[in-house]
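Structure first, then comments.
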Amino acid sequence: MEISRLQSLRNAWFVFQKDVQQEFKTRYSVNAILLFAIVTLFAVSFSIGTFGASKEVKSALLWIILFFSSMSGLSHIFVREEEKHTSDTLKLICAPVSIFIGKLIFNFILLLLLEIITVPLFFAVMNFSVASTSIFLSVILLGSIGLSAGATMIAAIISKASAKGALFAVLSFPILLPVLVAGISGTKVAVIETSFLKAADELQMLFAYAVVVITAGLLLFDFVWNE
Amino acid sequence: MMMLHRIWQFALFIWIIIVIIAAFTWAPLAKGLGEYTRILYFHVPTAWLTVLSFLIGAIYSVIYLRKRDLKYDYYAEAASQLGIVFCILATVTGSVWAKVSWGSFWNWDPRETSIFILLLIYSAYFALRSAVEQEDRKATLAAVYSLFAFVTVPFFVFIVPRIYSSLHPDPLINPQGKINMDSKMLTTFLSSLFGFTVFFVWLLKSKMDLIKIRLNLKKLEK
C-alpha cells in the first residue's frame, strides 16, 4: 500500500514535469495568464489612478485581477490534452490520482508565478501597502491553493464539453467564490491589523476550503477522467 | 387508485389555501417587523425547498455515478429544475423583504450572497448540460459538477454568515437551537412548511413518473 502511494506521487511528479516541458514549448498558458493579469492591472490603474481608491477597494481589486487571470489560463492544462488527443495515452500510463495531483501542482506553480510578477507590480502601480506581510502572504498562498484546486477540477470537467472557454468561467465562478470572498476580506485585515490572529477566521476558511476541494477533487476526478 | 390521488391533491389544495388565509389574517405580527412578517410564511419554505432540491439532486448524482443508469441522471435534473424555480422565488421574496425591512432590494448580506451562489450554481449546471451532446457523458459531467458544487455550498450557507455579521434573522437551525416565535406564528409557519414540502414532493413525483413513462416509450420503440 505504502509503495503504491509513493509510486502515485512519483507519477504525479512525472506528469508535472511533462506539463512543464510541454508548456515551455508553446508558453501558451504562461503568456495568456500573465498578459491578462498585466492588461487588467494597467486598465484598473489607468482608470482609478494611483491615489484614487482606498486600501479596501484596492485589496478587492487585487483579488479580482488574480481571480479573473486564473480563469483565463488555468483551464488550458486539460483542454490541451483533449485538443491534441493525448489524454488516451496518459490514461494508459498512470492512475487518475497521479494525473490530478500533477496537474494541480502545475496550476498552483503557474498561479504562484503569476502572483510573483503581478503582486509587486500591483503594490508599485497602485501605491498599495499592507500592515502585516505575514497575513498577506498566508492569505495569498492559501487562496492560491484553493483557486488552483477548484480550477483544476472544473478544467477537467469542461475539457470534455464543447464551448470550453465560456463554460470554464461560468462553472468555476460559483465554485471559487468562497476563495474570492475570504481572500478579499483577509487582505483587508492585512491592510489594517498587525496581529496574525485577527485574520484567523479568513485563514481557517481558506484552509478548510482548500482541504475540502482537494479531497472532493481526488474522489471525483476518476469519474471525469475515465468518461 | 386514481380516486385516492384526487383526494389527497384536493386536501393539499385546501391545506395551502388555509395556510395562505392564516398567514394573512390569523397569525399575529412579530415585534418590530410589522405587516411584513407575513412574507416569512412564503419566503422560508421556498428557501428550504431550494436547499432540499439541491440535496436531492446531489443524492441522485451519487446514485447515478454508482449505478450508471440514465434514469437517475434525469431524476437529478428534475430536482434541479424544481430547485432553480424555488431558488428564483426565494431570491425575489427575500429581496422584497430586504427592501421593506433593510431599505434596499439588494445589499450583499451574506444570506443574499448564498442564495445568489445557489442560483449561479443551478444556472451553471444547466449550462454544462446544454454544452454536452452525448447522453452518458452529459450525465457523468453534470453529476460530478453538482457534487463538486455541493461540497462548496456549505461554506456559503454555514460559514460565511458566521464570520461576517448578517442582518438576516437566524434560519430554523440557529446556534442556540431555539425557535423564537409565538405559538400561532409557529403553527402557521410549520403548516406552511409542511404544505409546501408536500407540494414539492408531488411536483417531483410527477416529473419522475413522466421520466419513467418516457424511458419506457423509448424502450418500446426499440
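The values are calculated or read from the model by the stated rules, or taken from the named source; none is laboratory data. This is a predicted model, so every value here is computed, not measured. FYI the Cβ positions are ideal-geometry reconstructions off the backbone, even for glycines, and counts take in every protein chain you see. To get the accessible areas, we keep the full protein, side chains included, count just its heavy atoms, and leave off ligands, DNA and RNA. Shrake-Rupley method; radii C 1.70, N 1.55, O 1.52, S 1.80 Å.
Worth a mention:
- Checked against (1) closer than 23 Å to B:Trp108 by Cα; (2) more than 11 Å from every other protein chain (Cβ to nearest Cβ); (3) open to solvent by less than 10 Å² (accessible area, probe 1.4 Å), A:Ala155 passes all but condition (1).
- Breaking point among (1) more than 17 Å from A:Thr187 (Cβ to Cβ); (2) open to solvent by 10 Å² or more (accessible area, probe 1.4 Å), for A:Ser98: (2)
- Residue count for the range B:93-112, restricted to those that are within 14 Å of another protein chain (Cβ to nearest Cβ) and buried (at least 18 other Cβ atoms within 10 Å of the Cβ): 4
- Any chance A:Val181 is of a type in the set (A, V, I, L, M, F, W, C) and farther than 15 Å from A:Ser69 by Cα: yes
- Residues in the range A:63-86 that are crowded, with 19+ Cβ neighbours inside 10 Å and not aliphatic (A, V, I, L, M): A:Trp63, A:Phe67, A:Ser69, A:Ser70, A:Ser72, A:Gly73, A:Ser75, A:His76, A:Phe78, A:Arg80, A:Glu81.
- All positions within the range B:75-107 that are of a type in the set (Phe, Trp, Tyr) and touching a residue at least 24 places away in the same chain (Cβ under 8 Å): B:Tyr75, B:Phe86, B:Trp97, B:Trp102
- Scanning the range A:8-26 turns up no residue that is of a type in the set (A, V, I, L, M) and free of Cβ contacts under 8 Å to residues at least 60 places away in the same chain.
- So B:Tyr41, is it open to solvent by 20 Å² or more (accessible area, probe 1.4 Å), touching a residue at least 40 places away in the same chain (Cβ under 8 Å), of a type outside the set (Lys, Arg) and in contact with a Ser or Thr (Cβ under 7 Å, 6 or more places away or on another chain): no
- Residue pairs whose Cβ atoms lie under 6 Å apart, sitting 6 or more positions apart in sequence or on different chains, and linking a residue in the range B:119-132 that is within 9 Å of chain A (Cβ to nearest Cβ) to a partner that is outside any helix (DSSP H, G or I) and at pLDDT below 90, are B:Ala131/A:Ala161; B:Ala131/A:Ser162; B:Ala131/A:Ala163; B:Val132/A:Ala161.
- Among residues of the range B:52-62 being surrounded by 24 or more Cβ atoms within 10 Å (Cβ to Cβ) and under 20 Å from B:Lys212 (Cβ atoms), the one that is nearest to the other protein chains (Cβ to nearest Cβ) is B:Ser61.
- Pairs are defined by a Cβ separation below 6 Å, a sequence spacing of at least 6 or placement on different chains, a first member in the range A:203-227 that is within 7 Å of chain B (Cβ to nearest Cβ), and a second member that is assigned to a loop (DSSP other than H, G, I, E, B) and not polar (S, T, N, Q); the pairs so defined are A:Glu227/A:Lys160.
- Of the residues examined, A:Gly165 is one that is open to solvent by 10 Å² or more (accessible area, probe 1.4 Å), in contact (Cβ under 8 Å) with a residue 60 or more places away in the chain and more than 22 Å from A:Glu56 (Cβ to Cβ).
- B:Glu35 vs. criteria in contact with a helix residue (DSSP H, G or I) (Cβ under 9 Å, 6 or more places away or on another chain), of a type in the set (Asp, Glu) and buried (at least 16 other Cβ atoms within 10 Å of the Cβ): no
- Of residues in the range A:140-152 being more than 14 Å from every other protein chain (Cβ to nearest Cβ) and open to solvent by less than 10 Å² (accessible area, probe 1.4 Å), the one farthest from the chain's Cα centre (by Cα): A:Ser144
So that you can scan it fast, the table gives a plain yes or no per residue for (1) at pLDDT below 90; (2) within 11 Å of the chain's Cα centre (by Cα); (3) assigned to a helix (DSSP H, G or I):
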{"residue": "B:Leu89", "(1), (2), (3)": "no, yes, yes"}
{"residue": "B:Ala98", "(1), (2), (3)": "yes, no, yes"}
{"residue": "B:Trp108", "(1), (2), (3)": "yes, no, no"}
{"residue": "B:Arg111", "(1), (2), (3)": "yes, no, yes"}
{"residue": "B:Leu128", "(1), (2), (3)": "no, no, yes"}
{"residue": "B:Leu141", "(1), (2), (3)": "no, no, yes"}
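- Filter result (crowded, with 24+ Cβ neighbours inside 10 Å and either acidic (Asp, Glu) or outside any helix (DSSP H, G or I) (or both)) within the range A:171-222: A:Glu202
- The residue list B:Leu49, B:Leu29, B:Leu65, B:Leu12 contains one member that is outside any helix (DSSP H, G or I) and surrounded by 13 or more Cβ atoms within 10 Å (Cβ to Cβ), which is B:Leu29.
- Residues that are exposed (fewer than 12 other Cβ atoms within 10 Å of the Cβ) and of a type outside the set (S, T, N, Q), drawn from the range B:202-213: B:Lys205, B:Asp209, B:Ile213
- Enumeration of residues in the range A:111-130 that are hydroxyl-bearing (Ser, Thr, Tyr) and open to solvent by 30 Å² or more (accessible area, probe 1.4 Å): A:Ser129
- Test: residue in the range A:128-135 that is at pLDDT below 90, under 22 Å from A:Leu34 (Cβ atoms) and more than 18 Å from the chain's Cα centre (by Cα): yes
- Scanning the range A:186-202 for residues that are facing chain B (nearest Cβ under 9 Å) and modelled with pLDDT of 90 or more returns no hits.
- Test result for A:Glu23, over 19 Å from A:Ile157 (Cβ atoms) and in a helix (DSSP H, G or I): yes
- Scanning the range A:176-202 for residues that are in contact (Cβ under 8 Å) with a residue 40 or more places away in the chain and among the polar types (S, T, N, Q) yields A:Thr187, A:Thr194, A:Ser195.
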